[in-house]
Amino acid sequence: MPEIIKYTETELVALLKQRQQNAFGYLYDHYSGALYNVILAIVSDRELASDVLQEVFIKIWKQAESYDATKGRLFTWMMNIARNASIDLLRSKSYQNSRQNRELSETVYDSAGVTATNIDLIGLRKLVHSMKEEYKVLVELSYFKGFTQDEISKMLDIPLGTVKTRLRGALLQLRELVKK
Amino acid sequence: MHFCNYVNWLKNKVDTRAYIESGIIESYVLGLADAEEAAELEMLCKKYDDIQKALDEFEALMKAHAFDNAITPDAAVKDRIMHALAEDFAKEENENIVPVIPLNVPDEKIKPIARPVWNYIAAASIILLIASTAFNFYLYNNYKSAANKYQALLTERNSLQASNDVYRTNMLIIQDTDVLKINLTTVKEKENNLATVYWNSKTKDVYLMPSKMSPVPSNKQYQLWAIVDGKPVDAGIIEPDCNGLCKMKNIPKAQAFAITVEQKGGSPTPTLTAMVVMGKV
């Protein structure tokens with residue numbers, strides 16, 4: 001049955017904060033695909049990404065109170081919950097252990113830079129893959145891997161200021177790629 | 001807070017165009033901005049419409065991109081989520097059904113929670129009070145004991161002082177160059193009595209020291225006699241409490257002294273058979 005009701009983000013926020021379960025169901029139905037994409041771009045493995053997606057929506061329900069509309073859109077808030085949960089998974093011990101037994105399904109790093117071993121890149125990752133090397137590595141390490149700019153500066157042996165400016169440049173380029 | 005003032009000061013100078021082109025908005029949306037940068041952006045958005053607009057635009061862009069590349073997850077995921085939240089949902093339902101506040105709230109709920117701190121303070125105070133009282137009793141007892149001892153000491157001191165005075169006086173008497181010392185030695189060989197008479201040749205005062213005299217029965221007493229021209233003259237009864245030097249009768253002239261045992265109260269004439277010591281001047 002086609003959805004008759006369409007909620008704007010503002011309405012959804014209000015309903016969620018009122019703990020309306022119907023609104024939560026609507027949220028899942030409409031937003032899960034987009035968030036799944038965000039998660040897959042970082043995590044790659046579908047099963048694991050499903051687990052993260054589940055965790056993300058539970059968090060969205062539980063933390064709805066803390067969403068502050070003055071700081072950005074509902075989707076941006078959800079997107080960041082999804083990204084953080086994905087990175088947490090990548091950093092978890094269980095993931096680190098199982099990685100060794102698994103076929104590498106994500107990019108691997110050597111001292112020179114980034115080497116993609118999987119063609120099936122999802123969403124943002126596909127876009128980033130087409131960027132120039134020095135931008136690519138910064139976006140990979142910061143967005144997809146969750147390293148701070150300070151950590152990146154040490155890892156790549158580049159001054160922190162350079163990391164900052166270069167990363168911003170990379171994101172501006174990314175914006176252009178997204179627009180297309 | 002000082003950062004806001006700085007921004008205020010810069011108000012007319014902020015190149016919003018440059019800020020928008022700096023990439024900070026992109027990093028904020030993607031979750032890559034640090035706390036400082038985020039706070040700065042949020043503040044600038046409130047002040048500058050074009051910055052707010054640029055933020056909106058990039059957010060919309062990222063959302064559109066995510067939706068364009070949306071991948072449908074397994075249907076099972078939704079089930080798992082709803083199952084996991086079932087309890088939470090039920091709780092919310094119950095809270096929504098039941099009317100919120102009953103009209104009469106029992107006093108218990110309104111009363112502020114008795115801070116346990118005060119109970120502890122009260123208990124501690126009582127314990128301190130009891131301890132203090134007990135200590136007071138102890139101190140008082142000590143004081144009383146010390147006071148008593150002090151009294152006793154004073155009394156002892158007084159008596160010692162008195163004795164001392166007596167000895168001093170005695171010393172004076174004995175050392176007086178005008179005083180003759182006459183030893184009265186034991187008459188009966190079985191006994192071992194000794195007394196000493198100190199006779200001041202100028203004042204004619206007679207002092208007796210019963211150096212070593214056997215005790216007499218309670219109905220009898222020692223009596224001192226001065227032998228004057230062959231005749232005995234009463235020189236006084238030796239009181240039982242005479243321990244040091246006792247003053248006897250004044251004897252102007254004598255050739256000898258003797259002590260006899262007489263009936264209590266003394267006798268006008270000596271019982272010569274009861275003589276115990278004698279000494280010639």
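Any read-out appearing in this document is the output of simple, stated calculations on the displayed coordinates, not a laboratory observation. All values reported here derive from a predicted model rather than from experimental measurement. Positions of Cβ are backbone-derived with ideal geometry, glycine not excepted, and every protein chain shown enters the neighbour counts.
Per-structure values
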{"item": "Charge dipole magnitude, Cβ of K and R +1, D and E -1 - segment B:104-241, Cα centre, debye nearest 20", "result": "520"}
{"item": "Helix axis angle, A:21-43 relative to chain A longest principal axis, alpha carbon, degrees", "result": "10"}
{"item": "Exposure rule at most 16 other beta-carbon atoms within 10 Å, DSSP loop GluC sites (Glu not before Pro): chain B longest free segment", "result": "B:22-188"}
{"item": "More than 23 angstrom apart: percent of Cα pairs within chain A", "result": "49"}
{"item": "Projected-area average for segment B:172-224 over all orientations - Cα convex hull basis, square nanometres", "result": "4.4"}
{"item": "Net charge contributed by nearby residues that have their C-beta within less than 13 Å of A:Q173 (K/R +1, D/E -1)", "result": "+2"}
{"item": "Principal axes of the protein assembly as shown: Cα extent on each, largest first, Å", "result": "166, 64, 59"}
{"item": "Degrees, to the nearest 10: A:46-63 long Cα axis against longest axis of chain A", "result": "50"}
{"item": "GluC sites (Glu not before Pro) restricted to DSSP loop in segment A:20-107 with at most 13 other C-beta within 10 Å", "result": "A:E103"}
{"item": "Per-residue mean of C-beta atoms belonging to partner chains within 10 Å, peptide B:39-47", "result": "1"}
{"item": "Cβ charges +1 (Lys, Arg) and -1 (Asp, Glu), total dipole of chain B, debye", "result": "4620"}
{"item": "Check: chain A dipole with +1 on Lys, Arg Cβ and -1 on Asp, Glu Cβ, in debye", "result": "400"}
{"item": "Around B:V179: net Lys/Arg minus Asp/Glu count, Cβ-Cβ under 14 Å", "result": "+1"}
{"item": "Among A:A41, A:A64, A:A85: highest mean-square fluctuation, GNM of chain A, C-alpha pairs under 10 Å", "result": "A:A64"}
{"item": "Listed residue (B:L224, B:A195, B:Y140) projecting farthest to the positive dipole end of chain B, Cβ model", "result": "B:L224"}
{"item": "Residue-count net charge about B:K247 - beta-carbon cut-off 14 Å; Lys, Arg +1, Asp, Glu -1", "result": "-2"}
{"item": "Acute angle (nearest 10 degrees) that the helix B:116-175 long axis makes with the longest principal axis of chain B, alpha-carbon atoms", "result": "20"}
